[in-house]
Amino acid sequence: MANYVVLPAVSLLFLLVWLTGSKRRRLETPGPRRLPLVGNLFTGIVHEQMAAFANEFGSIFSVNLFGTDAIVVTSVSAARELFVKRSATYATRLPLKMVELCNFHQGLLFQPDANKLRQGRRLLLKGMARRELEQYQDIIQHHTLALLSRLLAEPDDFMNHIQTSMGDLSLEIGYGHRSTGKDDVLARRSKDWVTNFTSTIAFGGFLVNVFPILDRLPEWCPGAPHKKTANAWRKDADNFRRDAYEMVKRAVNTGDGQPSIISKTLTEFRHALDEDVIINSAAQMLTGGHTTVLTLQTFMLAMVLHPEAQEKAKEEIHRVVGSDRLPTFSDWDDLPYTTGIVREVLRWHPVIPLLPRNPIQDDLLNGHFVPKDTMVIVNYWAMLHDEVIFPDHAAFRPERWSELKIDRTNDPFEIAFGFGRRVCPGRAATKELLFTIIASIIATFKISKAKDAHGNEITPPEEFTSGGVIGPVPFKCHIEPRSRVSSQLIAESIQSARIRA
Ligand SMILES: *[C@@H]1O[C@H](CO)[C@@H](O)[C@H](O)[C@H]1NC(C)=O
C-alpha cells in the first residue's frame, strides 16, 4: 500500500480511536508503561519483545495495542491453568476482523460455535489419528519421495519444492486428489487459499485487524482498501472449499472415492456432522499443513547454519538405519539425536509464535479483573525460549534434548501445537511426517552454504518473516546427494513405491 494512502488513513484512525477509546475501561493487570494513542509500540520482533516483559511483570501481564488492552501469557504453567483448567472460559478465539470479513472463521482455528468446534475436532482427530495414518502410508511415502527427487533434480529451488510437496500431501490426505504437477488447477487453488488465509491471520497484515473500526468506512475511502480484497477472497475461498468438497462427494457416491479424510467422513459418519463443518474443517487442514512447510524450511536453515548437528544426525542414521533403506517413523525411538533435531527446529523458531484466545465470560487473573472477550495472547515463543529450561535459548542445540528430561513442561510437541480444547488435531500426524522427512533428507543429502560468483560461502541470515505464521525469509543453500548410494537409494525407493502402488 502506498504511503499517501496510509498516512491520511492513519491520522483519521487515531482520531477515531481516540474518540471512541477514551472511555474504554483499562485492564488492572500490571504491564509496561504505554504511550498515549499507540500504547506499547512493538517495533522489532513482536514475540521477542512480548517475552522480555515477563522478566519484570511475570508470566501474565498486560499490554496495550493501539488503544486495545490485551493480556500476554508467557509460561507453560500459566497457559495450562487458563486453557486446560479453565478451558470452559478460555475455549474461544475471536476472529480478527479480516478473517471474519473473508468468512475464514468457519474452520477450526476460529470456530465460534462450541458444537461445530467439537464436530470439526472429532472429524480431524478421527481422520488424522496415528492408527489412521497407516492408511495414508503410501500417500506420505509418495510425497516424501517426490520431495527427495525434486531436491535431487533442482536443488536450488528447495523452498518451492517443500511447499509443493507438502501442499500436495495435505490435498491428497484431505481430499484424495493427487496433484498432476504445475498445471493442476485444484492444487493451485488450494495453494492460493492457504496463502490468502494465512495473510488474514497476521495481526499487522491488515490495518483493519488492528483497527476494526475501519470497516465502518465506505469502500471508496482510502482507509478501507481491505474491503475489495475481503469481498474477492470470500467468494474465491467459498467456491474453492465447496468445489473441492463436492468433488469428493461425487467420487464417494459413484464408488470411486480414494482414501481421504473427507471420503472417510462421508462414508463413516456423515450423519453426525453438519455439512458446512465437513467443508470447512477439511479446508482448515490444508492451512494447518502449511505449518509443516514452514517448519521444514526452518529445518533447512538450521542445517546450513549448523553443519556439526547435521553430521551427528547423519552418523546416527547411518549407524542405526544403515544406507540401504530410508528412515521411517518406526525408527523414532532409536534415533535420539535426530529426534532432538526435530524438537529443536520446533523450539528454535516456532512457526506460530503467538496466537490469541478470548474468555467467554469475565474472569480473575492473579486477582485482577479480566472482562469477557479480552484478547489473551499466548506467547509460544516465550515458552520455548525460557532461559531457565533452555539455557542459551537462542542457540540451535539439538543435544539439549538428551540433557533434558523431556516432559509436558518442555516438549515442543506439548507446547507449540496449542493447549486444551484447541490443541492442533494434526499434531500426531505432523510429528510422524516431520520426523520421516527430516531423517530422510539428512540420510541422503548434504546441505551446506551456497557460494557466490567468487567462490565465497554465503551465510544466510537467521531472519524470519513477520505475520501470524512465520518461516525463514528465502535463502540460498547448496544441496547435494551424500553419495552415489544416496541417489540410488532415492531412485530405488521410487521404483519400489511405484510397483507397490
Ligand atoms: C487468493 O487471492 C488471490 C489474489 O487476490 C486471488 O487471485 C485468488 O483467487 C484467491 N484464492 C482463493 C482460493 O481465495
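Each stretch of four or more DSSP H residues adds -39500 (n - 2.57); spread over every residue of the chain, this sum gives -16000 deg cm²/dmol at 222 nm. Pairs exceeding 30 Å between alpha-carbon atoms, taken from LYS314/LYS476; LYS126/LYS314; LYS116/LYS191; LYS97/LYS191; LYS126/LYS191: LYS126/LYS314.
Helix 307-320 and the long axis of the chain differ in direction by around 50°, with both axes built from C-alpha atoms. Packing, taken as the mean count of other beta carbons within 10 Å per residue, orders the peptides 109-119, 214-224 from highest to lowest as 109-119, 214-224. The distance between label points at ARG86 and SER448 comes to 5.4 nm (points 7 Å beyond Cα on the Cα→Cβ vector). Between the helical axis of 185-200 and the longest alpha-carbon principal axis of the chain there is an angle of about 40 degrees. Restricting the range 273-348 to trypsin sites (Lys or Arg not before Pro) that sit in a DSSP loop and have at most 16 other Cβ atoms within 10 Å of their own Cβ leaves ARG325.
Placing +1 on each Lys and Arg Cβ and -1 on each Asp and Glu Cβ, with no other charges, gives the chain a dipole about its Cα centre of roughly 1280 debye. Taking label positions 7 Å along the Cα-Cβ direction at both GLU462 and ARG498, the computed distance is 4.3 nm, reported to one decimal.
Computed from Cα atoms, the angle from the helix 3-21 axis to the main principal axis of the chain rounds to 50 degrees.
Every number in this text was worked out from the coordinates using simple rules, so none of it is lab data. Since this is a predicted model, take the numbers as computed values, not measurements. Here the Cβ is made from the backbone with ideal geometry for all residues, glycine too, and neighbour counts use every protein chain on show.
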